[in-house]
1. Please give, to one decimal in nm, the separation of the simple spin-label points placed at ALA297 and ALA426, each 7 Å out from Cα toward the Cβ.
2. Any idea how far apart ALA413 and VAL86 come out in nm if each label point goes 7 Å out from Cα toward Cβ?
3. Residue by residue, what Karplus-based ³J(HN,Hα) values in Hz, rounded to whole numbers, does segment 500-509 have, using 6.51, -1.76 and 1.60 with θ = phi - 60° and x for Gly and Pro?
4. For GLN211, what residues show an amide H to amide H distance below 5 Å, using hydrogens built from the backbone and excluding near sequence neighbours?
5. Calculate the spin-label point distance for LEU108 paired with SER28, positioning each point 7 Å from the Cα along the beta-carbon direction, and give it in nanometres.
6. For ARG240 and VAL358, FRET efficiency with R0 = 25 Å and r from the beta-carbon atoms, rounded to 0.05?
7. Of the peptides 303-312, 430-439, how do they stack up when ordered by the mean number of other Cβ atoms within 10 Å, highest first?
Amino acid sequence: MTAPASAWGELAREEGPAAWLSALLDASPDALLVYGPRGELLHRNALAESLLAQTTDEQGRPGLQALLSSTDIFDAGRFDANGPSVAMRRTLSKAGRPLTLELRIRRLERPAGPLAESGLLVVAARDVSAHTVLERQLQQNRRVETMGRLAGGIAHDFNNLLTSMMGNVELLRMRGHDLPELDEVQTAVDRATELTGQLLAFSRSQELEPQVMDLDQAIAESSRLVARLIGADVEVRVERTHGLWPVCADPGQVQQVLMNLVLNARDAMPEGGTLTLRTRNIVLDGDPAGGIPPGLAPGEYVLVTVEDTGEGMDAETMARLGEPFFTTKPPGKGTGLGLATVFGIVRQSGGDLAVDSVMGAGTRVRLWLPRTTRTGTTDENEAAPARPVRGSGTVLLLEDDELVRRFAARTLAEAGYEVIDHASPAAALEGWAQLSHRVRALVTDIVMPVMSGPAVAARLRESAPDLPVVYISGYVEGSVDDRGRLPEIEVLAKPFSAQALLERLAGALSITG
């Protein structure tokens, strides 16, 4: 039984084997070129024809053809007839866009005769530019993630030091000491706290207070300050979208993001220019085309664009964006945390960002923040009544940093509490059986070696299920599973003051009486 003739069979029969082979090569997803033994081009398929027409080198010659005519490509000793050799080459499109081509080159031999007389080279060229860009973005994300963990650890150590300094200054003032030197120390602590906050923002470990907000309104409220910051020689354009979707973010952090981007744009336009702030709604379908960050999930987003007509950035600078302490500004003009902070805040808020820049033409920063379905927000802190700072009873204090532990113990003791303090979870658990009947509350660090604060609290609550707990830590994200679920839980972010510690403890105790 003979199968029905296919369209390919009809083509071979009607127009001959050459037409059939040409059509078959045109169906390939690769640009295919066949070269003779002296480098002469014998055949190319339709995609190769297109690439030859679209590419150019620095001198304006056909870029792909120049690549394939180079001596290293046609070095006979480099290729094995048993398998293809792979080479990666870069060229330019006629529009100036960099192209990365993967070249698979295979030698074909006839049964007799040396390669110089009878060999052919078949070249399969594939444009892998999009894949290369995606791979570079993923590598950059991994590098920034690693540096973020390092920055978070450094910030945690700084917060322990700042907690001790801030708290002891406050204790001295509470005892009636009013020295100008204390003001100087407090000023230094405040500046160091701000810097540490930027490190935590970069590492996505800071305390956020998200609210439902309108980004158009936030930009409008910032426009007057932006005009003052940017200078008279820069034109500010604001392009707002009617019916912009709401987002859930920390308003203070959003303002910091906008100000950091505006200041970067100002510094990039020393001779003046145009700064554009633009918002719009956008739905992402998961396609990473168009420079969309690869880690951004499909869904509905609000897109904020900050674009300048400044100096732009070169490839080396672009490759290091988001790294903490990297800056192109002169000494004393920047910490290198501005854009790193922006990366951290946006990603901690569930979004992402992308930066495009062309030397001499300017820079565009795009921020995607997810749309929220929440309709409003309440601020519980504003309605909270003033809490007493005096207390009584026994408090179990668990903190592995000695400076923080001494300050917290001194604060609690001066407020009227009896304090039992330990540096390790093992020590706290060892004596718990004799103390459980008299301890009114637990104050514990979250992140400690061997056993975490929440794990210790869970063990203690096996015999004292209503034990109030105050967690203190410089780390926030994913660290307290009970937060928001158990009312007798309070969380205090480092660095904290003596007043804040006493208020949190009083709040936890007031729930259980």
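1. Rounded to a tenth, the inter-label distance reads 4.0 nm.
2. Taking the simple label geometry, ALA413 and VAL86 are separated by 6.7 nm.
3. Using θ = phi - 60°, the values come out as 5, 4, 5, 5, 5, 5, 4, x, 5, 5 Hz.
4. Result for GLN211 returns ALA249, ASP250.
5. 0.9 nm
6. Working: r = 26 Å, r/R0 = 1.03.
E(calc), rounded to 0.05, equals 0.45.
7. Details: 303-312: 21.1, 430-439: 12.4.
Ranking the peptides 303-312, 430-439 by packing returns 303-312, 430-439.
Since every read-out is calculated from the coordinates, none of them should be taken as a lab result. This structure is a prediction, so every number in the text was calculated from the model and none was measured. Don't worry about glycine lacking a Cβ; one is built from the backbone with ideal geometry, like all the others, and counts go over all protein chains shown.
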